[in-house]
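Worksheet: one structure, shown below.
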Amino acid sequence: MDPITTFDTIKQYCTFNNQGILHPQIALVDLSLADPRKLQRMQFNFYLVFLKEIRCGDLRYGCNTYDYDEGTLVFLAPGQVIGQAGDKVYQPIGRALAFHPDFLLGTALAGNMEEYSFFSYEANEALHLAERERTLIEDCFTKVGHELNQGVDKHTKRLLISHLQLFLNYCIRFYDRQFITRTNANQGVLTKFEALLAEYFRSGKAEDEGLPTVSFFADCLHLSPNYFGDLVKKETGKSPQDHLQLKLISVAKEQLYDPTKSISEVAYGLGFKHPQHFTRLFKKVAGVTPGEYRKTG
């Protein structure tokens, strides 16, 4: 296993990139000031957003091509590991916004961070910015940098939190746009998801391996669970878990028509460890118990 360079504090990361520190819990880092370095695996125990100043070129999704040359945002949550080891030497380019979870304590943003699910996306699910979006992101970064250079006073935290929240809310909007522009590709993902879901029950895998999970299908589709979940929700209005439950109940209804199968056998065949859990979910989704449904069939 390749060694991992771990950063626990904002100061460590700033020092690594040849920069001083203006605040112990939040920093805007100019990566071009860093020394050239070899590829390596790195772990950050704080939130980190990279604004990569590279030309992304024409990005192809499905049958369509979208031009997002202006930049890319990559989001990392505390504890995530990024990169790979190698002998290639490169010069980092771009900027990074780093902020420690402790900086959010005592603010409304601390309790709302789960809304920004893109922090758990994979690097290949990064946010690709159009020119007008890049301008707004640059403005947010500028405001953070300006406030950090003012020096710390009683207003500093409130203003920085405000800038952070605005930045993150813009990112939600831009990801919504990205999902829309990838509609054709997304439809392909949904079609594959439906096919995988049908095959899971048809093959008997449910009985052998238990109830299917969102993570299982996300992995089959080479997507992170959060990105997959957000994609499905944006396209259909329902979460992947909702789709799983609806499909499961649909299959259950078909099997309940077979009078030779007991309700317990149907439950075990669908992957439930306990028939009562099947009964509870069936009633929640269908409005009646499996027994009541069988009587009306």
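Each row is one residue, and each column tells you yes or no for (1) at pLDDT 90 or above; (2) in contact with a Leu (Cβ under 7 Å, 6 or more places away or on another chain); (3) surrounded by 13 or more Cβ atoms within 10 Å (Cβ to Cβ).
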| position | (1), (2), (3) |
| --- | --- |
| 172 | yes, no, yes |
| 176 | yes, no, no |
| 185 | no, no, yes |
| 189 | no, yes, yes |
| 218 | yes, no, yes |
| 221 | yes, no, yes |
| 230 | yes, no, yes |
Discussion item. Take residue 143 and tell me if it is in a loop (DSSP other than H, G, I, E, B) and either not assigned by TED's automatic domain parsing to the domain that holds residue 222 or not hydrophobic (A, V, I, L, M, F, W, C) (or both).
Written reply: no
Fill in: Selection within region 254-267 - surrounded by fewer than 16 Cβ atoms within 10 Å (Cβ to Cβ) and within 29 Å of residue 232 (Cα to Cα)
254
Practice prompt. Answer with yes or no whether residue 164 is over 20 Å from residue 230 (Cβ atoms) and under 24 Å from the mean Cα position of the chain (by Cα).
Written response: yes
Fill in: residue 215, sole failed condition from (1) on the phi > 0 side of the Ramachandran plot; (2) free of Cβ contacts under 8 Å to residues at least 24 places away in the same chain
(1)
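Is at least one residue of region 110-132 small (Gly, Ala, Ser), free of Cβ contacts under 8 Å to residues at least 40 places away in the same chain and in the same structural domain as residue 32 (by TED's automatic domain parsing)? Please lay out each step first, then the result.
Step one: filter region 110-132 for residues small (Gly, Ala, Ser), giving 110-111, 117, 120, 123, 126, 130.
Now narrow it down to the ones that are free of Cβ contacts under 8 Å to residues at least 40 places away in the same chain: 110-111.
Imposing the further condition that a residue be in the same structural domain as residue 32 (by TED's automatic domain parsing) reduces the set to 110-111.
The answer is yes; a qualifying residue exists.
Can you tell me which residue in region 110-133 is surrounded by the most Cβ atoms within 10 Å (Cβ to Cβ), limited to those that are assigned to a helix (DSSP H, G or I) and more than 18 Å from the chain's Cα centre (by Cα)?
Within region 110-133, the subset assigned to a helix (DSSP H, G or I) is 110-115, 117-120, 123-125, 131-133.
Those still in the list that are more than 18 Å from the chain's Cα centre (by Cα) too: 131-133.
On the way: 131: 11, 132: 9, 133: 21.
My answer is 133.
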Worksheet entry | Pair list, Cβ < 7 Å and 6+ apart or interchain, from region 220-243 residues that are on the phi < 0 side of the Ramachandran plot to residues that are outside any loop (DSSP other than H, G, I, E, B) and among the basic types (Lys, Arg) | 221/192; 239/233
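Among the residues of region 249-297, what is the count of those that are in contact (Cβ under 8 Å) with a residue 40 or more places away in the chain and β-branched (Val, Ile, Thr)?
Here is the first cut: in region 249-297, the ones in contact (Cβ under 8 Å) with a residue 40 or more places away in the chain are 251, 253, 256-257, 268-273, 285, 293, 297.
Subset that is β-branched (Val, Ile, Thr): 251, 285.
Within region 249-297, residues that are in contact (Cβ under 8 Å) with a residue 40 or more places away in the chain and β-branched (Val, Ile, Thr) number 2.
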Worksheet item: Taking strands (runs of 3 or more DSSP E) that do not extend beyond region 55-99, which have at least 3 residues that are modelled with pLDDT under 90, closer than 25 Å to residue 132 by Cβ and assigned by TED's automatic domain parsing to the domain that holds residue 129?
Response: 58-61, 64-67
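The values are calculated or read from the model by the stated rules, or taken from the named source; none is laboratory data. Since this is a predicted model, take the numbers as computed values, not measurements. All Cβ positions, even for glycine, are placed from backbone atoms using ideal geometry, and neighbour counts span all protein chains on display.
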